[in-house]
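The values are calculated or read from the model by the stated rules, or taken from the named source; none is laboratory data. Please read all numbers here as calculations on a predicted model, not as lab measurements. Cβ placement follows ideal geometry from the backbone for every residue including glycine, while neighbour counts extend to all protein chains displayed.
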Amino acid sequence: MSQPNRLDSGGRIDRDRPVHFTFNGARLSGFVGDTLASALLANGVHMVGRSFKYHRPRGIVGSGAEEPNAIFQLDEGAHTVPNPRATQVELYDDLVARSVNCWPTLEHDIGVVNGWFSRLLPAGFYYKTFMWPRSLWMTYERYIRKAAGLGESPMAPDPDRYERRNAHCDVLVVGAGPAGLAAALAAGRGGARVILVDEQNEFGGSLLGSGDSIDGVAAGEWVGRITAELEAMEEVTLLPRTTAFGYHDANFVTLNQRLTHHQPVRARTGCRERTWRVRAAQVVLATGAIERTMVFGNNDRPGVMLASAVSTYINRYAVLPGRQAVVFGNNDAIYRTALDLAAAGADVRAVVDSRRDAGGQWRSAAVERGVPVKAGCVVSRASGGRHVRAAEIYRLGDDGLGEAEDVIQCDLLAVSGGFSPAVHLHAQSGGRPVFDDARLCFVPGTSVQAERSAGAARAVFDLAGCLSDGAAAGAAAAREAGFDAGTVPEFDTAVVAGSPVEAMWLVPDRVAPGRGPKQFVDLQNDTSASDILLAAREGYRSIEHVKRYTALGFGTDQGKTGNINGMAILAGALGQSLADTGTTTFRPNYTPVTFGAIAARDVGPELFDPVRRTAMHDWHVENGAKFEDVGQWKRPWYYPRSGESMRDAVNRECLAVRNRAGILDASTLGKIDIKGPDAAAFLNMIYTNAWNRLGIGRCRYGLMLGEDGMVMDDGVTTRLADDHFYMTTTTGGAARVLGWMEQWLQTEWPHMKVYFTSVTDHWAVMSIAGPESRKVVERVCEGIDFSSAAFPFMSMREGRAAGVPARVFRISFSGELAYEINVPANCAQHVWDAVIRAGSDFDMMPYGTEAMHVLRAEKGFIIVGQDTDGSMTPIDLGMDWIVSTKKDFLGRRSLSRSDCVRTGRKQLVGLKSRDGVTVLPEGAQLVNEPSDATPVPMVGHVTSSYFSAALGHPIALAVVKGGLTRMGGSVHACTLDGRRIECEITSPVFYDPQGERMKQ
Amino acid sequence: MLKIKCPWCGERDQSEFSYGGEAHIVRPAEPDELGDEQWGDYLFFRTNTKGLHREQWVHSGGCRRWFNAVRDTVSYRFHGVYRHGEEGPGKDEPGSPS
Ligand SMILES: [Zn+2]
């Protein structure tokens, strides 16, 4: 098992613990401590995928979150993960990875044809081509998605558990590189509660891949020392493998901690990821900097890598990504990498420095080492197909390229275009990054929240500077959080005099951009310099528009390596400064976060959206009920007997109520207990009718309007005592009505003495309806005289039901003689059983919400929210009888607004199909004359529609323009399958229009 | 996510609160005295302030009390909270009740 690119010694890998894994079907090996990317490079695998649009071969470029190319489909089945960056995947046994962006295989790729036609695929190509005709968009989209081929989501339910945790701290330090470690140490020594997070498995950041020494020991050892000191501090929490991915208002920072990702799939137990929701008094952003690519021809060939990544692979993973190296850039990083390469035994054939006369100690060290330096030169093009083969080097002229300098064969081209501070979190916190002309990067601007950046995150790029900057930031944060930070820690490390970076956003070519080989800015989205220049030529000015037009920075990497180059190229084309061009918006998340981590335990029907069940739920289940969801409630819909259709069951249940007796679980009705000397006066304002003179023990139906005059809820309210009422609301409106009343009481009428208590869950309600219902309840209840004289319609009596204290209401939503027994929910099943036993002699049947709907529709009783839609007044509903003219109430003045009194408003009516058999579809539009010229004016719609077993024909409720004046006339209902059904406009009351049955 | 200070419970997470629109809109004592336009003004029209805005909040997931707040609609920053009947912070600032 050879790893041809593995160095014999060094690195932070554990050579005693080999790890076996599979990439695109091949069995490979690495070591514990490797990332998937470092293991692939150790095995000599460079080419790992194909590009988004042109399907060009692509290799590993970076070593961390910035990686644009090496995104894979990881593992299989329910455990599969789409699009992780191989540079951030810790290697574990039996890991399975495959390339995503190639179809059918990596080696033989069909989409490469896109590359041959690349001239035909400029910026905005997909917009321009595929947006029209719109009917074909769906077809195109499927093709594009397959060809573009990012990873696939697992199809099986997620087998893992995710958690959420809230935390508070004094100082949150993001990033545990030199600046972050120093900051945490300073704040921790001061006694502050510190949380230190880093996205990697080990703390140390850039120190893990460097040959520096601090306080007289190697950087890696120093990291261990500092980490141990932090670990020993009681108030310090260390979170490796944790990404701060969002910075929100009020110093609220969200962290994603990965707990089991690094373990073999079969060995994983417990929580997979944890989302921390941290409120920090102070935040220190030590997020480091991201190296930029160099934009030149064929800069995407596998083997072209970021210089810092090359150094990291050598020093941290003991992997030498190439033997014959050219290093090219515009800053001192190229010399450091050249030294690392030389030390690792590579043949460094040239360091190509675009700066004409860079000095400094890094360059001197490289020259001393014998590395050939070509100053004032650039790599204008790379050549090679599936791997870089040579670098074409030109001297820089005064304006563009000068003469050809050399063509150097190489298998590794390390590039550095400078460093961009990771200002993402600062920008998310509300700060506006500003362009630093000297250091050629955006740096954090003025802090909006209690945060400060330190180290490379604010363009302090040298180690000594990072350490002291971090320590100062940590101490300052602790001080502002109220801690005496004492002496700021100091660290001893070599100060190296460098040479400043010089701008080289787009390397000149012999020909104009777009005519030569592609010069990529965004590798993941195949955005090239010529695309940006084309956008500028086509009139795009705003970087946000250019981003959307060219897809610059749109990938899963959010353009971490190339965005700034793209902005600079646009700025150049527009003849403006980078500061004027500005950045695109930095939005959460810094790196992708799984849906599982965001949802945490809020999954499934129980935990995401709680299910509410009535006290008699189990009985309904045992008796074969089909259920209907009403808000969060499960309500029995109907109780089919074996072999019975829904319609047959509902008909049977309806007829039982009309002819004998039925029982309905009505526990879900909203119930509000209203108490206080001003209770009646309050109800007068809330309801359209008057409540002062309602007798104790009497019930009254009420309509509630919004202040705009539109019906918002209804229900029966009962007076229990002079100062005590019991209100019922619709099942769905309970919370809204309580909130509505509380708002008016507190904000408008605080002088009123009245209290509201929600008692929806406290009382179970069983409604016994039908001509035999009196006999049933009489058998169950004690202490109540059920004679009509003693217990009239619309009144309430207290007594006992099956021995349980009960309130019995004589009210009816079916139009039949009916009683509602209210008992404490904890005793409800016992009472329900007793009522069922008592009803068996009368062939009483349980009925569900569907029969309830039919029964009430036969009576023309509305359901708020079904027959009303927020634009119906009581007058529209034909309910002017309930609207008091003698008092004010909420919504009253609106009823006389000009729009509410105009003719032609939609009004509630009944409809009967003239054919006597067709049940109209609910929601069907109504027209007067279907043969009229189109568009045929619509005059209303069907709101409720059922077959009435009691009447033997279909019935419907509808709203029709001016309907109340059109009784006996016709409208036509239009069905989706093209039928036009003629209907007679009738009164909405179909059954027992005099209302005698319920008063018997 | 903001932190909001309930005048009764203290500082709590925004998720515990609900928004109630512009504050200090008093329901007319004699609605019948108003023309349609005046009533419509009370009903539908709000200031849509850019800057300091006096508005109602309710601690719906807590004590369920309504209160008023002065909040900057540009920065979202709360400049203060006050109970009903209280004058509130900075009565000379823009958006203060007349
Ligand atoms: Zn509160």
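Pairs linking a residue in the range A:170-181 that is farther than 14 Å from A:ALA280 by Cβ to a residue that is in a helix (DSSP H, G or I) and of a type in the set (Asp, Glu), with Cβ atoms under 8 Å and 6 or more positions apart or on different chains, are A:ALA179/A:ASP469. Among the residues of the range A:698-713, are any surrounded by 20 or more Cβ atoms within 10 Å (Cβ to Cβ), at positive phi and not aromatic (Phe, Trp, Tyr)? Yes; the residues of the range A:698-713 include at least one that is surrounded by 20 or more Cβ atoms within 10 Å (Cβ to Cβ), at positive phi and not aromatic (Phe, Trp, Tyr).
Taking the conditions (1) assigned to a loop (DSSP other than H, G, I, E, B); (2) modelled with pLDDT under 95 in turn, B:GLU11 satisfies each one other than (1).
When A:TRP222, A:TRP276 are checked against the criterion of being among the aromatic types (Phe, Trp, Tyr) and under 24 Å from A:PHE595 (Cβ atoms), a single residue qualifies: A:TRP276. Scanning the range B:15-31 for residues that are within 16 Å of the ligand (Cβ to nearest atom) and either within 12 Å of A:PHE889 (Cα to Cα) or of a type outside the set (Ser, Thr, Tyr) (or both) yields B:GLU16, B:PHE17, B:GLY20.
Consider the range A:897-928 and keep the residues that are in contact (Cβ under 8 Å) with a residue 60 or more places away in the chain and of a type in the set (S, T, N, Q). The one that is farthest from the other protein chains (Cβ to nearest Cβ) is A:THR918.
For the range B:61-72, the set of residues classified as within 14 Å of the ligand (Cβ to nearest atom) and surrounded by fewer than 19 Cβ atoms within 10 Å (Cβ to Cβ) consists of B:GLY61, B:GLY62, B:CYS63, B:ARG64, B:ARG65, listed by residue number.
Looking across A:SER767, A:SER758, A:SER795, one residue alone is of a type in the set (Ser, Thr, Tyr) and farther than 22 Å from A:ALA679 by Cβ. It is A:SER767.
A single member of A:VAL942, A:VAL909 is at pLDDT 95 or above, in contact with a helix residue (DSSP H, G or I) (Cβ under 6 Å, 6 or more places away or on another chain), assigned to a strand (DSSP E or B) and within 26 Å of A:VAL650 (Cβ to Cβ), and it is A:VAL909. Of all the numbered requirements in (1) farther than 19 Å from B:TYR76 by Cβ; (2) away from the ligand (no atom under 16 Å from the Cβ), B:TRP8 misses one, and that requirement is (2).
Given the condition within 23 Å of A:THR260 (Cβ to Cβ), free of Cβ contacts under 8 Å to residues at least 12 places away in the same chain and more than 36 Å from the chain's Cα centre (by Cα), answer yes or no: does some residue in the range A:6-17 qualify? Checked against the condition, which is being within 23 Å of A:THR260 (Cβ to Cβ), free of Cβ contacts under 8 Å to residues at least 12 places away in the same chain and more than 36 Å from the chain's Cα centre (by Cα), the range A:6-17 yields at least one hit. Of A:LEU238, A:LEU259, A:LEU230, all but one fail to be under 25 Å from the mean Cα position of the chain (by Cα) and in the same structural domain as A:VAL197 (by TED's automatic domain parsing); the exception is A:LEU259. Residues that are modelled with pLDDT of 90 or more and touching a helix residue (DSSP H, G or I) at 6+ places or on another chain (Cβ under 9 Å) within the range A:602-612 comprise just one, A:VAL611.
Select from the range B:21-77 the residues that are aromatic (Phe, Trp, Tyr) and part of a strand (DSSP E or B) and write down the one among them that is farthest from the other protein chains (Cβ to nearest Cβ). Even if it seems obvious, please write down each step before you answer.
The first filter runs over the range B:21-77 and keeps only residues aromatic (Phe, Trp, Tyr), leaving B:39, B:42, B:44-45, B:57, B:66-67, B:76.
So of that shortlist, the ones also part of a strand (DSSP E or B) come out as B:57, B:66-67.
On the way: B:TRP57: 11, B:TRP66: 4, B:PHE67: 9 Å.
Selected residue: B:TRP57.
Evaluation of A:ALA599 against the conditions (1) out of contact with any helix residue (DSSP H, G or I) (no Cβ under 7 Å at 6 or more places or on another chain); (2) among the hydrophobic types (A, V, I, L, M, F, W, C); (3) modelled with pLDDT of 95 or more shows that the sole unmet condition is (3). Of the residues A:ALA481, A:ALA485, A:ALA535, the single one that is modelled with pLDDT under 90 and surrounded by 19 or more Cβ atoms within 10 Å (Cβ to Cβ) is A:ALA485. Taken as a whole, the condition of being more than 26 Å from A:PRO444 (Cα to Cα) and of a type in the set (Asp, Glu) does not apply to A:GLU199.
Can you say whether B:SER18 is farther than 30 Å from A:THR885 by Cα, at the interface with chain A (Cβ under 10 Å from one of its Cβ atoms) and at pLDDT below 95, as far as the supplied structure shows? No. Filtering A:SER884, A:SER840, A:SER894 for residues that are without any contact (Cβ under 8 Å) to a residue 12 or more places away in the chain and not assigned by TED's automatic domain parsing to the domain that holds A:GLY968 leaves a single hit, A:SER840. Within the range A:850-861, being surrounded by fewer than 23 Cβ atoms within 10 Å (Cβ to Cβ) and assigned to a loop (DSSP other than H, G, I, E, B) holds for A:LYS859, A:PHE861. For the range A:171-212, a residue qualifies if it is surrounded by fewer than 22 Cβ atoms within 10 Å (Cβ to Cβ) and in contact with a strand residue (DSSP E or B) (Cβ under 7 Å, 6 or more places away or on another chain), and the qualifying residues are A:ASN201, A:ASP212.
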